[in-house]
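I have placed the structure first, in the form of structure tokens, so that the comments after it can refer back to it.
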Amino acid sequence: MSDKLIVYYSRTGENYINGGIRWLDIGNTEKAVKIIQKLTKADVFEIKQVKEYSKKYMLCTKEAKKDIENNARPELLFLPESIDNYDEIYLCYPNYWGTMPMAVFTFIESLNLDGKIIKPLCTHEGSGMGKSEKDLKRLCPKSYVKKGLALHGAYVDNSENDIVNWL
């Protein structure tokens, strides 16, 4: 068991990529996670909602926006039994309406992250980290939230050097 944990939320299905809609069997965030895992040998946990958003991009954006406007906390399929043995958490997610997907909020609020080092990574198509770092610091006031890495989703396959530098 590693003392590092990669926690991620990723989107498959239709995605907005470089100005157009494309189908992804593996989400951009998951692609970045695979690079991090290869480099760090960290354990991996995927955040999955009980009720997933639509695979259709436009419908997904409406569902995600509604959850953000309602400050919803989508129910998760499962949580890790414990994260006590992890000192460092790589928290990876796509930018949804300027922040993290609300399922990531559910995850964060369901576990005690006090004293943990949290390194956020956000995939996006032009909006960077948004306010996700600020939200993360608000949600985890007793954690050490480090500077995040914003990766343009369309180019995540070529982002290993950026990830190495961030790590």
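Odds and ends about this structure:
- Taking every residue in the stretch 1-19 that is open to solvent by less than 60 Å² (accessible area, probe 1.4 Å) and pairing it with any residue that is among the aromatic types (Phe, Trp, Tyr) and assigned to a strand (DSSP E or B), at least 6 positions away or on another chain, the pairs with Cβ-Cβ distances below 6 Å are 6/90; 7/45; 9/93; 14/23.
- Residue within the stretch 103-116 that is among the basic types (Lys, Arg) and surrounded by fewer than 18 Cβ atoms within 10 Å (Cβ to Cβ) present: no
- Exactly one residue among 131, 146, 142 is more than 30 Å from residue 19 (Cβ to Cβ), under 17 Å from the mean Cα position of the chain (by Cα) and charged (D, E, K, R), and that residue is 146.
- Among the residues of the stretch 120-154, those that are out of contact with any helix residue (DSSP H, G or I) (no Cβ under 7 Å at 6 or more places or on another chain) and part of a helix (DSSP H, G or I) comprise 132, 133, 134, 135, 136, 137, 138, 154.
- Condition met for residue 40 (closer than 18 Å to residue 132 by Cβ, open to solvent by less than 50 Å² (accessible area, probe 1.4 Å) and of a type in the set (S, T, N, Q)): no
- Total residues in the stretch 123-162, condition over 18 Å from residue 104 (Cα atoms), touching a Ser or Thr at 6+ places or on another chain (Cβ under 8 Å) and without any contact (Cβ under 8 Å) to a residue 60 or more places away in the chain: 1
- Output for the stretch 71-84, where each listed residue is more than 17 Å from the chain's Cα centre (by Cα) and open to solvent by 100 Å² or more (accessible area, probe 1.4 Å): 81, 84
- Given (1) open to solvent by 20 Å² or more (accessible area, probe 1.4 Å); (2) in contact with a Gly (Cβ under 7 Å, 6 or more places away or on another chain); (3) not small (Gly, Ala, Ser), number of the condition residue 122 does not satisfy: (1)
- Filter result for residue 158 (over 16 Å from the mean Cα position of the chain (by Cα) and either within 26 Å of residue 26 (Cβ to Cβ) or among the aliphatic types (A, V, I, L, M) (or both)): yes
The values are calculated or read from the model by the stated rules, or taken from the named source; none is laboratory data. As the structure is a prediction and not an experimental result, all values here were calculated from the model. Neighbour counts are summed over all protein chains in view; Cβ atoms, including those assigned to glycine, are modelled from backbone coordinates with ideal geometry. What goes into the accessible areas is simple: the full protein's heavy atoms, side chains included, and nothing from ligands, DNA or RNA. Shrake-Rupley method; radii C 1.70, N 1.55, O 1.52, S 1.80 Å.
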